[in-house]
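Structure first, commentary second.
The values are calculated or read from the model by the stated rules, or taken from the named source; none is laboratory data. Keep in mind it's a predicted model, so treat the numbers as computed, not measured. No Cβ is skipped: glycine too gets one built from the backbone with ideal geometry, and neighbour counts run over all protein chains shown. Each accessible area value is taken on the protein alone, full model and side chains, heavy atoms only, with ligands, DNA and RNA left out. Shrake-Rupley method; radii C 1.70, N 1.55, O 1.52, S 1.80 Å.
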Amino acid sequence: MKEWLFEKIIDEKLNNLFGLVILLLLSVVSAVLIAFLGMKGGAMILALVIGAPIAVYTIINNQFGYLLLIVFSTFMGFISRALSVNIPFGVGIDLILVLMFSGIILEQIFSNKEDKGKDFSLTNPISVMMFVWTVYLLLQVFNPAGTPAGWMFGLRNILRVLVAFIIAQRVFKDLKSVNTFVSLFIGVGLVVALYGIYQEFVGLPAFDLKWATATEERINLLFIQGKWRKWSFLSDPAIFGLFMAFGSIVGFILSLGPFGWKRRAFFFSSGFLMLLAMFFSGTRTAYVMLPLAVVIYVLINITKVKTLIFAILSVMMFLVVYFGPFYSKPIVRFRSAFNPTEDASMNLRDFNRQRIQPYIHSHPIGGGLTTSGVYGERFSPSHPLAGFPPDSGFMKVLLETGWIGLLLMLALYSTVLAVGISNYYKCEDPRIKSYYAAFIASFFALSIALYAKENIEQFPQNLILYGIFVLMYKMQKFDIKKLA
């Protein structure tokens with residue numbers, strides 16, 4: 001399949017029957033879109049003309065496609081705000097994922113290559129737990145407390161996770177592919193951080209301000225204590241803060257690794273700028289991620305002198321920021337993250353959790369997918385959970401899939417960490433060990449963030465996470481020293 005597409009598109013440059021059919025279809029679709037949608041249709045045509053060849057190439061080169069999706073998903077919200085048009089980019093991303101997945105399936109069926117299935121592993125513990133968790137979510141269709149509309153909406157996210165996880169297995173074939181993934185991920189984080197810093201010190205551009213003030217609800221969310229929270233290119237300050245915290249953890253840990261001085265400088269400077277940008281997001285959960293990452297990193301490297309120095313410096317930095325004579329609004333908000341009992345919003349969350357406990361006790365498999373929160377009001381408006389704010393990823397899973405679902409999700413996350421830690425100690429290549437340490441610490445901190453944040457798996461964070469799930473079990477196969 002891939003060879004045929006490469007021949008028709010690259011070698012023959014669409015100068016064939018296949019190219020004629022594609023161009024004819026594009027012409028018909030263009031005419032229809034312009035006739036019925038006007039200027040918006042023209043924009044969609046431009047996206048189609050640019051996106052169609054790229055989409056086809058992603059089938060040929062899965063690594064290119066996966067990394068492209070990480071980059072594109074980072075900026076799609078910014079594009080919509082800049083154009084003041086709500087473009088359904090998420091549908092395009094899902095379409096490219098489906099195309100890539102279809103290419104993989106067709107190759108497995110029709111290709112005669114002897115090594116066509118070597119990139120995939122369905123029996124490792126992470127894959128097994130991923131499929132168990134997915135099957136449980138699919139079986140929620142039979143949950144008597146759920147709604148068909150809610151399950152159908154949730155189905156899209158379920159399949160996206162599974163498809164992206166399988167594609168990621170094809171993406172990482174050697175250590176070079178891991179280096180490319182990490183460099184791109186940190187580079188994207190750096191660009192996101194720089195724009196967030198621009199928003200803080202230069203001010204919000206007109207289109208960003210227009211978006212922020214579009215509704216009263218959005219103003220109340222973004223304008224805190226007389227200051228705008230920053231969101232950079234992403235969809236909201238929360239995912240921006242979590243992404244910056246995650247990226248800074250990876251950057252700082254890799255800056256301690258056995259890389260050349262230029263690469264280490266890149267990791268450290270990117271980590272520092274992402275850390276700075278994180279403060280401007282006003283996301284208190286992101287602040288808590290940092291000490292959590294330091295704790296687990298120190299624990300898995302407790303015998304190394306370099307680690308002890310890192311731990312001492314981290315503690316000193318925390319004490320300076322927490323107790324120092326600094327009273328800017330980001331610093332004050334940072335300090336409040338470590339005093340949850342004095343936070344009115346946290347007290348309200350605790351109250352909500354207590355009053356919903358009878359429902360949780362009586363529904364061991366939950367109330368059904370997409371039945372709580374804002375989306376519950378949209379897809380399951382008559383459901384008892386509709387409009388109830390989970391305010392926590394753990395609570396959302398508990399409400400919608402019950403304590404059985406929560407245990408399965410925790411088992412999946414625990415398996416990811418257990419496999420990563422086990423392989424960390426088995427590996428001998430210092431570069432791979434550095435990657436393992438960075439991914440373990442950052443993922444652990446991000447998973448704990450689910451206690452206070454409803455969803456950590458938003459673009460581009462989700463695509464990065466699925467890649468890390470695969471790398472946790474697969475990187476040890478790239479250990480040349482161990483294989484020698």
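The table below gives the values:
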quantity	calculated
Any hit, region 451-459, residues being buried (at least 21 other Cβ atoms within 10 Å of the Cβ), acidic (Asp, Glu) and under 29 Å from PHE142 (Cα atoms)	no
Subset of region 346-377 (residues that are of a type in the set (D, E, K, R) and at pLDDT below 90)	ARG349, ASP350, ARG353, ARG355
Qualifying helices (runs of 4 or more DSSP H) (wholly inside region 344-437; at least 1 residues being crowded, with 20+ Cβ neighbours inside 10 Å and of a type outside the set (Ser, Thr, Tyr))	373-379, 393-426
Residue list for region 385-406, filter: within 22 Å of ASP350 (Cβ to Cβ) and of a type in the set (A, V, I, L, M, F, W, C)	LEU385, ALA386, PHE388, PHE394, MET395, VAL397, LEU398, LEU399, TRP403, LEU406
Filter result for LEU412 (at pLDDT 90 or above and in contact with a Pro (Cβ under 7 Å, 6 or more places away or on another chain))	no
Within region 234-261, tally of residues that are farther than 24 Å from ASP429 by Cα and either in contact with a Phe, Trp or Tyr (Cβ under 6 Å, 6 or more places away or on another chain) or not polar (S, T, N, Q) (or both)	11
Residue check for ALA238: among the aliphatic types (A, V, I, L, M), outside any strand (DSSP E or B), open to solvent by 10 Å² or more (accessible area, probe 1.4 Å) and more than 30 Å from GLY90 (Cβ to Cβ)	no
Hey, GLY150 among the small types (Gly, Ala, Ser) and in contact (Cβ under 8 Å) with a residue 60 or more places away in the chain or not	yes
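Each row is one residue, and each column tells you yes or no for (1) under 21 Å from VAL470 (Cβ atoms); (2) at pLDDT 80 or above; (3) in contact with a Phe, Trp or Tyr (Cβ under 7 Å, 6 or more places away or on another chain).
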| residue | (1), (2), (3) |
| --- | --- |
| ILE79 | no, yes, no |
| VAL85 | no, no, no |
| LEU97 | yes, yes, no |
| ASP115 | yes, no, no |
